[in-house]
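Peer 1: Let me give you the structure first, and then I'll get to my questions.
Just so you know, all these numbers are worked out from the coordinates, no wet-lab data involved. Quick caveat, the model's predicted, so the values are computed rather than measured. All Cβ positions, even for glycine, are placed from backbone atoms using ideal geometry, and neighbour counts span all protein chains on display.
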Amino acid sequence: MTGRVLLVDDDEQMRSSTAQALELAGFAVEPLATGDEALALAGPGFAGVVVSDIRMPGMDGMTLLGRSHEVDPEIPVILVTGHAEVPLAVEAIRGGAYDFIEKPFVVQELATVIRRALDHRGLVLENRRLRAVAGKRDDVEARLPGRTQVMVDLRYRLRAIGASDADALIIGPTGAGKEVVARALHDISARAGRPFIAINCAALPESLIESELFGHEAGAFPGALRPRYGKFEHARGGTVLLDEIGSMPLELQAKLLRVLQERVITRLGSNDPVPLDVRFIAISKVDLAALVAQGAFREDLFWRLNVAVLHVPPLAARREDIPLLFLQLVRESAARHNIPEREIPAALLSGLAARDWPGNVRELRNLAERFVLGLEGAEPAPAPGAKLSDRVAEFERGLIAGAIAAHGGRLRPVYETLGISRKTLYEKMQKYALDRRLIIDAGDEGG
């Protein structure tokens with residue numbers, strides 16, 4: 001496969017001659033003097049390999065190996081070692097290095113190892129792409145990434161509720177990912193192999209909604225020429241998702257309450273009860289308690305649903321996660337469109353957390369799509385008016401959080417890029433309650 005080779009060696013003459021020889025062998029080589037330069041280029045979507053001398057001042061090859069695997073544990077790292085360092089290199093292999101080559105080496109031997117590593121990396125990235133396209137990731141953290149406490153708590157509750165067979169209520173603003181949470185609940189439950197039937201209560205015609213949900217017998221109403229299962233029966237053994245539950249007519253709410261309590265349905269035109277084995281998950285973007293107070297939602301149904309509740313936070317409540325989430329959405333979009341991943345400008349990534357996102361994850365996903373497709377408008381809209389001091393603080397906080405995410409949690413390139421001292425960076429991280437462990441996801445493999 002065609003791929004990049006990041007050649008790291010502090011010896012300029014050795015670096016130059018090796019790079020030239022590898023270029024003649026057909027590789028795209030980027031000669032680099034330090035490990036920090038390599039880490040700035042080797043992100044999770046990096047389609048290449050790292051070749052590094054093991055002995056270098058500052059960051060040595062072993063440290064570079066560890067740091068690169070913090071970014072992506074499947075980036076191939078080939079170590080170049082002297083004879084006396086072979087035992088150390090063997091230990092590095094056990095620690096995740098792809099291979100090592102001993103000095104003095106023949107370039108053809110190094111080229112052979114690089115080709116194998118590039119082939120391996122190509123398979124890794126292709127596998128990730130196919131998994132992203134198929135949407136078959138069943139890991140809760142992969143579907144709902146983030147290190148902020150609200151996301152940690154959400155995943156904990158999701159796993160606890162998912163392992164049970166209890167009905168659930170999911171509350172959250174538009175675009176926050178409620179449907180993703182619902183699907184994850186189904187996929188980690190014992191019902192995962194059974195149907196998942198999604199019903200948008202706001203989109204069903206009121207005249208047909210009862211027939212759509214409960215089914216009907218032949219002759220139940222004009223045009224009912226043959227019996228028909230409703231969506232509830234189609235979901236037998238599985239899960240029914242009731243989206244926009246607050247939009248359900250009051251009369252139908254009473255019938256739904258009976259279904260939830262008795263687990264039976266009666267088709268239109270029939271008096272025979274049909275046992276129903278399903279799990280119900282309801283979704284609402286509005287406060288159901290407020291609808292109850294307005295008389296627009298049944299109180300008894302509200303209390304029946306308000307047992308196992310999951311609150312999906314808006315992006316504004318998890319700003320530290322935004323750069324990481326954007327990186328993942330870009331990878332997924334590039335995989336769907338079969339487009340090579342583009343390098344994300346640091347200015348774009350750094351500014352994401354400082355913006356308002358009224359459309360939440362859906363809006364961020366749209367931005368990722370536009371960025372991947374190279375469309376205009378791949379810049380988030382400016383935040384609405386606020387106090388200047390608040391806007392400056394929010395921008396600075398977002399800039400630092402984005403830079404930490406862009407550099408995989410490594411703080412030295414962050415303060416060097418931002419043009420501040422290490423002490424100043426630490427002070428600002430403390431001021432804004434920024435923990436780099438909450439911003440990066442060392443285990444995220446993007447698939």
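Peer 1: Name the most mobile residue of Leu411, Leu352, Leu252, meaning the one with the largest mean-square fluctuation, in a Gaussian network model of the chain with Cα contacts below 10 Å.
Peer 2: Leu252
Peer 1: By DSSP, what percent of the beta bridges with both residues in segment 149-314 are antiparallel, rounded to the nearest 5?
Peer 2: Given both bridge residues lie in segment 149-314, the antiparallel proportion sits at roughly 20 percent.
Peer 1: Taking Cα atoms, how many degrees apart are the long axis of helix 422-431 and the longest axis of the chain, rounded to 10 and kept between 0 and 90?
Peer 2: Tilt of helix 422-431: around 10 degrees.
Peer 1: Let me ask something else. For a test of understanding, tell me how many lysine pairs in the chain have Cα atoms under 26 Å apart, given they are 8 or more places apart or on different chains.
Peer 2: 11
Peer 1: Additional query: So for the chain, averaging the separation of alpha carbon pairs under 8 Å that are six or more residues apart and normalising by length, what relative contact order in percent results?
Peer 2: The value is 15 percent.
Peer 1: Working from Cα positions, state the angle (0 to 90°, nearest 10) between the long axis of helix 107-134 and the longest principal axis of the chain.
Peer 2: In the chain, helix 107-134 runs at an angle near 10 degrees to the longest axis.
Peer 1: Okay, next question. What range in the chain is the longest one free of GluC sites (Glu not before Pro) that are in a loop by DSSP and have at most 14 other Cβ atoms within 10 angstrom?
Peer 2: With a cap of 14 other Cβ atoms within 10 Å, the longest stretch comes to 1-205.
Peer 1: What residue among Ala111, Ile54, Ala84 has its Cα farthest toward the positive end of the dipole of segment 4-134, where the charges are +1 on Lys, Arg and -1 on Asp, Glu, each on the Cβ?
Peer 2: Ala111
Peer 1: Moving on. Rounded to the nearest 0.05, what FRET efficiency do Glu179 and Asp153 give with R0 = 25 Å and r taken as the Cβ-Cβ distance? Could you check?
Peer 2: 0.80
Peer 1: Quick check: the angle from helix 388-406's long axis to the longest principal axis of the chain, C-alpha only, nearest 10 degrees?
Peer 2: Rounded to the nearest ten degrees, it is 70.
Peer 1: How long is the gain from Arg362 to Ala28 if the chain were fully straight, where each residue apart is worth 0.36 nm and the alpha carbon distance is subtracted?
Peer 2: 116.5 nm
Peer 1: For segment 1-101, which trypsin sites (Lys or Arg not before Pro) pass both filters: DSSP loop (anything but H, G, I, E, B) and at most 15 other C-beta atoms within 10 Å?
Peer 2: Passing sites in segment 1-101 do not exist.
Peer 1: Follow-up. Given R₀ = 60 Å, what would the calculated FRET efficiency be for Asp272 paired with Ala317, taking r from the Cβ atoms and rounding to 0.05?
Peer 2: 0.80
Peer 1: Equivalent-ellipsoid semi-axes (√(5λ), Cα gyration tensor) for segment 4-134, whole Å, largest first?
Peer 2: Rounded to whole Å, the semi-axes are 23, 16, 14.
Peer 1: Using a Förster radius of 41 Å, what is the FRET efficiency between Val309 and Arg115 based on their Cβ-Cβ separation? Nearest 0.05, please.
Peer 2: Computed FRET efficiency for Val309 and Arg115: 0.15.
Peer 1: Please list, ordered by chain and number, the residues whose modelled amide H lies under 5 Å from the amide H of Ala25; skip anything fewer than 5 residues away on the same chain.
Peer 2: none
Peer 1: Assigning unit charges at the beta carbon (Lys, Arg +1; Asp, Glu -1) and nothing else, what dipole magnitude in debye, to the nearest 20, does the chain show about its Cα centre?
Peer 2: Computed about the Cα centre, the dipole is about 1000 debye.
Peer 1: Would you pull out the residues with amide H under 5 Å of Gly237's amide H, same chain only if 5 or more places away, H placed 1.01 Å from N?
Peer 2: Asp277, Val278
Peer 1: Can I ask one more? Could you tell me, in Å, what Rg and Dmax come out for the Cα atoms of the chain?
Peer 2: 27.3, 89
Peer 1: Now a separate question. For every other residue with a beta carbon closer than 15 angstrom to the beta carbon of Pro273, add +1 if it is Lys or Arg and -1 if Asp or Glu, then tell me the sum.
Peer 2: 0
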